[in-house]
Amino acid sequence: MSKPTFLNQLANTIITNYPENLSDCIIVLPNKRAKVFLINELQNITTKTIFAPDIISIEEFVQNISGIRNIDSVELLFEFYNVYCSIEEKNKLDEFESFANWAKTLLQDFNEIDRYLLEPDKILKYLENIKEIEHWSVDINKKTELIEKHLLFWKKLPHYYHSLYKHLYNKGIGYQGLIYREATENLTHFSDNLKNEKFIFAGFNALNQAEEKIIQHLLAIDKAEVYWDLDEVFLKDELHDAGLFQRKFKKEWNFYKNNPYQWVAKDFAQQKTIEIISTPKAIGQAKIVGNIIEQHCETENLQNVAIILGEENLLLPILYSLPKNVDALNITMGFSSKNNPAQLLISKFFKLHVNTTNRNSSSYTMYFKDVLDVLTNPLIEPYIDAYDLVNRINRNNFSFISLNKLHELYGKENELFQLLFQKWDTNPVQFLENIAQILLYIKSKLNRDNEEEKITNAFIYSIYKVINKLISYLSNQNSVTDLKTLFAIYKQVVEVAEVSFEGEPLEGLQIMGVLESRVLDFETVIITSVNEGKFPAGKSNNSFIPYDVKREYGLPTYKEKDAIYTYHFYHLLQRAKNIYLLYNSDSDGFDAGEKSRFITQLEIEKQPNHTLKHTFYNPIVPAVANELMVIEKSEQVQNRLKEIAETGFSPSSLTSYIRNPIQFYFQRILRIKETDEVEENIAVNTLGTIIHGTLEELYKPFLNLILTVDDIDEALFKTETEVLIQFKKVYKEGDIKTGRNLLAYEVAKRNVENFLKAERKEIENGAEIQVLSLETTYQRTIEDNRLPFPVLIKGNVDRIELRDGKIRIIDYKTGKVEQKNVSLSDWNGLTDDIKNDKIIQVLAYAFMYEPEAKNREIEVGIVSFKNMKAGFLPFNYKVDKVSTAVITPEIMESYLDQIVTLLLEIFDKDKPFEERV
């Protein structure tokens, strides 16, 4: 940056003030990340070899004073549970899952109480009294067991606090608040043992009571210097939250009654270009960030550009939106493990094994969706090559699949596949060790030189640490015995875990969270999600301690948290020249919000040298929301149409064209089939195939014979067995023993039985029926001078019979069909409306069979299984109030005239295939 940064100014001051004894300086910063930047600044301004000062974060410094090791939130949760189990009666213990729900909040409150050096008994007793007051109206004799249990919980809080504190202290470990409290207790001892050390506190803003006490103590004994980083605009404005804490320190600290307040900068009022960009939906912000970075790639060193994420969920969309010429990247932020891709994989993996049935038998059966979720996961798929296996599962309709069958279908040797799909022990530690092995395998396959895979490595490593902590915890206790409980524990623990990204801070584009930006300055700053409730975070209060109690005892409330956010926001702007503030303008939907008060504040309190520009970014949306597809008939298409004419147009392909020419194009011209998918519940078309197959097999023994009542009774006797055979043939490995599939099986059986019973009744009433063919393919060529070439019509006819001297052609329909659907009074426009599809189909059957009929009368129609009471529904042509169900030469001539017109349209090279809505 052309203008000195805070760290540059600090480095110069240190070199100037401590030229000879720099190694005695201990520089304390708000976070670890700034250390690398400060060392870089020291290197840039020194001309000789020197011993660098010790640079540590405030947490490391306080930890050094206390002599207690900090533990992370996952380890702390387990330690607290151990303490909880040791002081509660066994029959009154909460399971870990229930415990974690309230323990996470309680630990935060313990932490705050300790950081602000409050008397825990006083605060926690106050909470108990509040709860007692809430129930004061309940007669003491009428208090329920639930109320008593609730009040008992609040009475026990001091006991929980002291037991946990003592337990951790004895082990030499602690949470942040405990460490801070112990540091203040050990402060005199620590300072008495100091020699030439000089502590320099730099870049701080909000401090808790423990930090204030420590710094003021060291200032009083002339062992410390403090360099704040605040602009005079915020310090002088009594109402501006960015200066709330430092105005308080300047006013209240004894040290500042006789010493200058260092440093007050004059950078915020300098020239700045601030572009406020609104866009609907969060994902739009990622696209805008990519565009901004692309502009700055050409004119600026990206090391001076920072993307600050107001919402961590935008990290992955932004990474995918960055331009390709971003060759170096540094991500420094806390990323919740809940959204971690590796965590999502482990959750799916847990689900797979939790849902496994027959666990203790050789079949070890898994649910297909769980298997596919694991096989197709982006972290698994590249290393197992399971494309063929996924297709086989779909084609064979395995709704449940055994472990042995899965390995048989895969048929390859693959280490990861063996790790994933084996008969897993339900022992929690063994289960977790298997997961750890899988994570290590994936980690070993990643390319560390690839930026995207570096990020994947960070995701995997964070979950690997969680799994290892669970292994360590569960190895020492036996209360968890099943996978469902283990999964519940895992979900609770992963909520408090974070992903830590590592990169080269001094190179490339910087992507960070709000807290990680402390002390650092950038020339160009892009801040996302500048919406109320996100930046600042809003009034969410994840605490058992009420607002008025916090105010009374000096604990931070949302007011103080807002002031912290305000400071961070304005600090990002303080020395920047180019500022982009992005927010979601959508007021509806899941991620809706309104622009942040910070934006409004910038507009109202606009500095003379600031240029504010407002931009509304709307995604480019086509003028027509969905442009209908149009495909010209190229020479290749025409050749394919001729090929179809030679091999045969089916009646259904003709109706497919009428329904939607584009559907006809995909299915017949391009020959694209629908993707195989597992039918978890039997589809309508599958049910139809089963009924067709069953009727074919039941009637086959009686082909060309006059049907008798005994024949029908024999078919009825075989129905149940045959339906089951057809189910197995069509539905393959699908389960039909339970749920909807059992109902579908019963429906198929009932439909076939109803058809047979109706047939028997007609025979009893004197009908003479001779079945001539079943599920037979017929074909016949249309030769017409108008057509460019002869056209073969070819199709499968469900059933043809000779009934009382007439040929009857029957098409089975599992859906509901009524007589009006096969009745016609006017031939004009027959092929223009899809509602005539059934007429077109059945008359095509009549046309194909006509030469076989040997001049016998033909009637053609439909049997609808959902309208079985109506019986056979013949095609009916009505003209001048006279109806006929017999297919006359005149009817066939009129029908063929319409079909030829349709075929001419299909073959017309100047008429493209046009999509219909």
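Descriptive notes on the structure:
- So ASN457, is it in a helix (DSSP H, G or I) and under 23 Å from LEU316 (Cα atoms): yes
- Scanning the range 113-123 for residues that are surrounded by fewer than 20 Cβ atoms within 10 Å (Cβ to Cβ) and either β-branched (Val, Ile, Thr) or in a helix (DSSP H, G or I) (or both) yields a total of 3.
- Leading residue by the ranking (surrounded by the fewest Cβ atoms within 10 Å (Cβ to Cβ)) among those in the range 503-532 that are outside any loop (DSSP other than H, G, I, E, B) and of a type in the set (Val, Ile, Thr): THR524
- Residue match in the range 636-644 (condition: in a loop (DSSP other than H, G, I, E, B) and either at pLDDT 95 or above or exposed (fewer than 15 other Cβ atoms within 10 Å of the Cβ) (or both)): no
- Residue check for GLU238: free of Cβ contacts under 8 Å to residues at least 60 places away in the same chain, part of a loop (DSSP other than H, G, I, E, B) and over 30 Å from TYR320 (Cα atoms): yes
Here's the yes/no breakdown for (1) surrounded by 14 or more Cβ atoms within 10 Å (Cβ to Cβ); (2) closer than 25 Å to LYS195 by Cα:
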position	(1), (2)
PRO4	yes, no
ASN12	yes, yes
TYR18	yes, yes
LYS35	yes, yes
GLN43	no, no
ILE50	yes, yes
VAL62	yes, yes
SER66	yes, yes
LEU77	yes, no
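- Some residue of the range 477-498 being assigned to a helix (DSSP H, G or I) and free of Cβ contacts under 8 Å to residues at least 12 places away in the same chain: no
- Elements of type helices (runs of 4 or more DSSP H) contained in the range 1-68, each with 3 or more residues being over 25 Å from ASN208 (Cα atoms) and either of a type in the set (D, E, K, R) or assigned by TED's automatic domain parsing to the domain that holds SER191 (or both): 6-17, 33-45
- Candidate set: the range 320-344, residues that are hydrophobic (A, V, I, L, M, F, W, C), surrounded by 19 or more Cβ atoms within 10 Å (Cβ to Cβ) and not in a strand (DSSP E or B); chosen: the one modelled with the lowest pLDDT: MET333
- Filter pass, ARG799 being modelled with pLDDT of 95 or more and either within 21 Å of GLU857 (Cα to Cα) or in the same structural domain as ASN704 (by TED's automatic domain parsing) (or both): yes
- LYS248 closer than 28 Å to THR566 by Cα, of a type outside the set (Ser, Thr, Tyr), without any contact (Cβ under 8 Å) to a residue 24 or more places away in the chain and part of a helix (DSSP H, G or I): yes
- Residue within the range 429-441 that is in the same structural domain as LYS469 (by TED's automatic domain parsing), in contact (Cβ under 8 Å) with a residue 40 or more places away in the chain and more than 22 Å from ILE489 (Cα to Cα) present: yes
- Unmet criterion (only one of (1) part of a helix (DSSP H, G or I); (2) surrounded by 17 or more Cβ atoms within 10 Å (Cβ to Cβ)) for ILE277: (1)
- Cβ-Cβ under 6 Å pairs, at least 6 apart or on other chains, the range 100-126 side farther than 23 Å from ASN82 by Cβ, far side surrounded by 18 or more Cβ atoms within 10 Å (Cβ to Cβ) and not small (Gly, Ala, Ser): ARG115/TYR180; ARG115/ASN208; TYR116/ASN208; TYR116/LEU555; ILE123/ILE113
- Any hit, the range 192-204, residues being at pLDDT below 95, among the polar types (S, T, N, Q), assigned by TED's automatic domain parsing to the domain that holds SER23 and not in a strand (DSSP E or B): yes
- Filter result for PRO19 (without any contact (Cβ under 8 Å) to a residue 24 or more places away in the chain and farther than 28 Å from SER191 by Cβ): no
- With respect to the conditions (1) of a type outside the set (Gly, Ala, Ser); (2) assigned to a helix (DSSP H, G or I); (3) touching an Asp or Glu at 6+ places or on another chain (Cβ under 7 Å); (4) at pLDDT below 90, THR566 falls short on a single one, namely (4).
- There is no residue in the range 406-424 that is among the small types (Gly, Ala, Ser) and in contact with a helix residue (DSSP H, G or I) (Cβ under 7 Å, 6 or more places away or on another chain).
- Any chance ILE858 is surrounded by 21 or more Cβ atoms within 10 Å (Cβ to Cβ) and either over 55 Å from the mean Cα position of the chain (by Cα) or of a type outside the set (Phe, Trp, Tyr) (or both): yes
- Every pair of residues 6+ apart whose Cβ atoms lie under 6 Å, when the first sits in the range 859-880 and is within 14 Å of LYS813 (Cα to Cα) while the second is modelled with pLDDT of 90 or more and surrounded by fewer than 13 Cβ atoms within 10 Å (Cβ to Cβ): SER864/LYS816; LYS866/LYS816; ASN867/LYS816
- Residue within the range 440-451 that is in a helix (DSSP H, G or I), of a type in the set (A, V, I, L, M, F, W, C) and surrounded by fewer than 16 Cβ atoms within 10 Å (Cβ to Cβ) present: yes
The values are calculated or read from the model by the stated rules, or taken from the named source; none is laboratory data. Since this is a predicted model, take the numbers as computed values, not measurements. Here Cβ is always computed from backbone atoms with ideal geometry, including for glycine, and neighbour counts include all displayed protein chains.
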